[in-house]
Amino acid sequence: MQVSGEMMMACNNKISVVIAKQTEIQGLMEAFDGCRGVFHTSAFVDPSGISGYSKSMAEIEVKASENVMKACARTSSVRNCVLTSSLLACIWRDSSQHDLPLLVNHDSWSNEALCMEKKLWFALGKLKAEKVAWKIAEEMSLKLTTICPGLITGPQFSHRNPTATIAYLKGAQEMYAKGLLATVDVIRLAEAHVAVFEAMNKTAFGRYICFDRIIARDEEAEKLASEIGIPPNRICGNSLEFIPTHFELSNKKLINLMSRTIRNWHGQS
């Protein structure tokens, strides 16, 4: 953004770039100093873009989340933190439970053992990273909210971020069969982050599921596959093999918050 001049044009040169290692809490504190809020949106990528997201990458992400939360809590200027988790941290539940709710919302949590069993490392990494963030936030009195987005889409997004896209879609056939494969445009997701952050001193709290499209039909799955550049059968090829339990995804909590935020924006304009 600096090289292209985009930062200067968009922000009148009010943004500066600070580099810090997520393995070093002190460096993170120096980067956060003077900021009143932190958005922890990072994920880890394979430079070659082909190996996907491994179990070791999941553990790195958990440790990074822990370090960022500790740095936020120890930086006097920081008041609030928004963590980007994933819808995958909500949907991979143990379906063998007879009383499993059909509604999947902000109160739903994935099952660690199930993620391990299915080798869903991206889901496991996001799940454990969010859990450790909540643990530290409670222990160190840090005000935290988390956003759990579906598969992030948008112009060229998947091509720029192939590791996260491929890793998210591991288990896509089962997600599709159960009505749990959802996407969100990156611009919509950015707006959600801003809305939640700005409401944290008023009404925002806890977790927020974020999506704007549920992939429910074969033609929608084929369109998504085309956008990403993968074969359609990676999404809908063997979906009939799974137990036909259909779940309901809900993002009502975020919709309600954003509708109030939009009304406030209009009221101020």
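Would you confirm whether any residue within the stretch 40-50 is over 24 Å from LYS135 (Cβ atoms), at pLDDT below 85 and part of a helix (DSSP H, G or I)?
no
No other residue among SER76, SER108, SER95, SER141 is over 16 Å from the mean Cα position of the chain (by Cα) and without any contact (Cβ under 8 Å) to a residue 60 or more places away in the chain apart from SER76. Looking only at residues in the stretch 145-163 that are of a type in the set (A, V, I, L, M, F, W, C) and open to solvent by 10 Å² or more (accessible area, probe 1.4 Å), which one is farthest from GLU220 (Cα to Cα)? The extreme case among them is PHE157. Applying a threshold of 7 Å to beta carbon distances and a minimum spacing of six or more residues, or different chains, the list of pairs starting in the stretch 235-248 at a residue that is farther than 14 Å from LEU181 by Cα and ending at one that is modelled with pLDDT under 75 and loosely packed, with under 13 Cβ neighbours inside 10 Å is empty.
For (1) open to solvent by less than 10 Å² (accessible area, probe 1.4 Å); (2) out of contact with any strand residue (DSSP E or B) (no Cβ under 9 Å at 6 or more places or on another chain); (3) free of Cβ contacts under 8 Å to residues at least 40 places away in the same chain; (4) not charged (D, E, K, R), each residue gets a yes or a no:
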| site | (1), (2), (3), (4) |
| --- | --- |
| ALA167 | no, yes, no, yes |
| GLY171 | no, yes, no, yes |
| GLU174 | no, yes, no, no |
| VAL184 | yes, no, yes, yes |
| ARG207 | no, no, no, no |
| ALA216 | no, yes, yes, yes |
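Among residues of the stretch 10-39 being part of a helix (DSSP H, G or I), open to solvent by less than 90 Å² (accessible area, probe 1.4 Å) and of a type outside the set (A, V, I, L, M), the one that is modelled with the lowest pLDDT is CYS11.
Just one of the listed residues (CYS90, CYS115) is open to solvent by less than 10 Å² (accessible area, probe 1.4 Å), free of Cβ contacts under 8 Å to residues at least 40 places away in the same chain, part of a helix (DSSP H, G or I) and out of contact with any Gly (no Cβ under 6 Å at 6 or more places or on another chain), namely CYS115. Within the stretch 62-87, the set of residues being of a type in the set (D, E, K, R) and either open to solvent by less than 10 Å² (accessible area, probe 1.4 Å) or not in a helix (DSSP H, G or I) (or both) comprises ARG79 only. For the stretch 144-170, filtering for residues that are over 14 Å from the mean Cα position of the chain (by Cα) and aromatic (Phe, Trp, Tyr) leaves 1. Select from the stretch 73-89 the residues that are in contact with a strand residue (DSSP E or B) (Cβ under 9 Å, 6 or more places away or on another chain) and under 13 Å from LYS143 (Cα atoms) and list them in ascending order. Across the stretch 73-89, the qualifying residues are ALA73, THR75, VAL78, ARG79, ASN80, CYS81, VAL82, LEU83.
The values are calculated or read from the model by the stated rules, or taken from the named source; none is laboratory data. Just so you know, these numbers come straight off a predicted model, no measurement behind them. So basically every Cβ, Gly included, is an ideal-geometry build from the backbone, and we count neighbours across all protein chains shown. Please note that ligands, DNA and RNA were not included when accessible areas were found on the heavy atoms of the full protein model with its side chains. Shrake-Rupley method; radii C 1.70, N 1.55, O 1.52, S 1.80 Å.
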